[in-house]
Amino acid sequence: MATTESFLSNAQNLQKFLTLDQRGKVMAEYIWIDAEGGTRSKSRTLDEKEGGYTPDDLPIWNFDGSSTGQAPGDNSDVYLKPVAVFPDPFRLGNNILVLSECIDNDGNPNKYNFRHETAKLMEAHAAHEPWFGLEQEYTLLDLNDRPYGWPKNGFPAPQGPYYCGVGAGKVVQRDIVEAHYRACLYAGVKISGTNAEVMPAQWEFQVGPCLGIEMGDHLWLARFLLHRIAEEFGAKVSVHPKPIPGDWNGAGLHSNFSTKEMREEGGMKYIEAAIEKLGKRHQEHIAVYGEDNEKRLTGRHETGAIDQFSYGVANRGCSIRIPRECAAKGYGYFEDRRPASNADPYQITGIIMETCFGAV
């Protein structure tokens, strides 16, 4: 099995090639979301362009959808439509990462393209200036799918010392976390922070505030970067709500949300009106808030029960939490604590907009 030292050695050997002249060419890494909620990517060469590329400048490409569970073998081409461009923190220079939507050959969005409809909702309700922030929890696993730092047999000590912990025996794999943080900043992802979570090998990063569809774009790019960096260290990233059995807090993708009206003085009435609407569609939200979420939303470990809707001020055991500071000021934002860590950010932000302001 490859060791951390061998991965670092390979990275050092690669470094001398990263400074070679590309002779007027740019490497574009096209990234998309597959049928399993993972990211895929492939590269193509483009001519260098003064001022850089925008999504509209980039060519539409395609891939074999039958190999990713997104198309049948007898009609396998799925098109990649560029929607966002980021600087590439791996190849550096003028090389780029190209986040793309998946489009079927009839011109309609692929079955697993959740961005398309959400973008329509964001555009239709743009006057409300929706801001989102997502808190992505995840677990780092070795190649045998065992969380780093756990005993070979059994479980570590109960949660307590690990959350925002510092020191050996409390946190592991901080090098991956630090590398990811820097890569996000370089790429222009609106990452706002990171911290160790309540289970050993579990971490969290936050992205936002982002306006509208930008939230899903930046969260997906941050996920891609995390998996890609973990690859360099021979590690795996799990965004499953309960990656290992045991009495542990399941991983979530908590969604902070506000509109222009909520952020202004007197905004609490708009926050409360939105929460009332969310309560009436609780099951519709749960349906798109991630797989195996029932293993996490048990009503224990700072979660609400999956079959009940609740809200409260500063209460992390509710479906919706209103921060105490916001309640005191009378305006601000609220946190939807129901989404699981494997949920699609486009689906989360889309259904919140649909519930609060109506379908398109």
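The values are calculated or read from the model by the stated rules, or taken from the named source; none is laboratory data. All values reported here derive from a predicted model rather than from experimental measurement. With ideal geometry, Cβ positions are generated from the backbone for all residues, glycine too; neighbour counts draw on all protein chains shown. Ligands, DNA and RNA are excluded from the accessible area calculation, which covers all protein heavy atoms including side chains. Shrake-Rupley method; radii C 1.70, N 1.55, O 1.52, S 1.80 Å.
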Task: Of all residues making up segment 242-274, the number that are assigned to a helix (DSSP H, G or I) and open to solvent by 80 Å² or more (accessible area, probe 1.4 Å) - done: 3
Open item on the list: Cβ-Cβ under 7 Å, sequence separation 6+ or interchain: first residue in segment 349-360 and over 16 Å from residue 283 (Cβ atoms), partner open to solvent by less than 20 Å² (accessible area, probe 1.4 Å) and aromatic (Phe, Trp, Tyr). Which pairs?
Closed with: 349/132
Task: From 335, 284, residue being out of contact with any strand residue (DSSP E or B) (no Cβ under 7 Å at 6 or more places or on another chain) and either charged (D, E, K, R) or open to solvent by 20 Å² or more (accessible area, probe 1.4 Å) (or both) - done: 284
- [ ] Scan 189, 198, 172, 177 and give me the residue that is in contact with a helix residue (DSSP H, G or I) (Cβ under 8 Å, 6 or more places away or on another chain) and in contact (Cβ under 8 Å) with a residue 12 or more places away in the chain.
- [x] 189
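Within segment 136-146, can one find any residue that is among the aliphatic types (A, V, I, L, M), in contact (Cβ under 8 Å) with a residue 40 or more places away in the chain and under 21 Å from residue 192 (Cβ atoms)? Can you show your working first?
Of segment 136-146, the ones among the aliphatic types (A, V, I, L, M) are 140-141, 143.
Then drop every residue that is not in contact (Cβ under 8 Å) with a residue 40 or more places away in the chain, which leaves 140-141, 143.
Going one step further and asking which of them are under 21 Å from residue 192 (Cβ atoms), we end up with 140.
Within segment 136-146 (the criterion being among the aliphatic types (A, V, I, L, M), in contact (Cβ under 8 Å) with a residue 40 or more places away in the chain and under 21 Å from residue 192 (Cβ atoms)), the answer is yes, since at least one residue qualifies.
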Open item on the list: For residue 131, only one of the following conditions fails: (1) open to solvent by less than 60 Å² (accessible area, probe 1.4 Å); (2) in contact with a Pro (Cβ under 7 Å, 6 or more places away or on another chain). What is its number?
Closed with: (1)
Open item on the list: Checking the structure you have, find out if any residue of segment 253-261 is modelled with pLDDT of 95 or more, farther than 30 Å from residue 33 by Cβ and either over 16 Å from the mean Cα position of the chain (by Cα) or of a type in the set (D, E, K, R) (or both).
Closed with: yes
TODO: Taking only segment 157-199 into account, find how many residues are loosely packed, with under 15 Cβ neighbours inside 10 Å and part of a loop (DSSP other than H, G, I, E, B).
DONE: 8
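Conditions (1) under 24 Å from the mean Cα position of the chain (by Cα); (2) in a helix (DSSP H, G or I), marked per residue:
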residue	(1), (2)
59	no, no
70	yes, no
74	no, yes
79	yes, no
101	yes, no
116	yes, yes
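Taking the condition buried (at least 19 other Cβ atoms within 10 Å of the Cβ), touching a Cys at 6+ places or on another chain (Cβ under 6 Å) and modelled with pLDDT under 90, does residue 304 pass? Give the derivation first.
Details: buried (at least 19 other Cβ atoms within 10 Å of the Cβ): yes; touching a Cys at 6+ places or on another chain (Cβ under 6 Å): yes; modelled with pLDDT under 90: yes.
Yes, satisfied.
Going through segment 287-301 one residue at a time, which ones are open to solvent by less than 30 Å² (accessible area, probe 1.4 Å) and among the hydrophobic types (A, V, I, L, M, F, W, C)? Spell out the reasoning first.
At the first step, the residues of segment 287-301 found to be open to solvent by less than 30 Å² (accessible area, probe 1.4 Å) are 289-290, 293, 296-297.
297, the sole residue that qualifies.
With the condition kept exactly as written, say whether any residue in segment 275-296 is assigned to a helix (DSSP H, G or I) and either at positive phi or under 17 Å from the mean Cα position of the chain (by Cα) (or both).
Looking only at segment 275-296, we keep the residues that are assigned to a helix (DSSP H, G or I), and these are 275-280, 282-287, 293-295.
Now drop any that are not either at positive phi or under 17 Å from the mean Cα position of the chain (by Cα) (or both), which leaves 293.
The answer is yes, given that some residue of segment 275-296 is assigned to a helix (DSSP H, G or I) and either at positive phi or under 17 Å from the mean Cα position of the chain (by Cα) (or both).
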Task: Sole exception among (1) more than 16 Å from residue 228 (Cα to Cα); (2) assigned to a loop (DSSP other than H, G, I, E, B); (3) in contact with a Cys (Cβ under 9 Å, 6 or more places away or on another chain) for residue 89, by number - done: (1)
Task: Filter pass, residue 296 being basic (Lys, Arg) and either more than 30 Å from residue 35 (Cβ to Cβ) or modelled with pLDDT of 95 or more (or both) - done: no
Open item on the list: Just checking, does segment 80-98 include any residue being open to solvent by 20 Å² or more (accessible area, probe 1.4 Å), polar (S, T, N, Q) and farther than 30 Å from residue 260 by Cα?
Closed with: yes
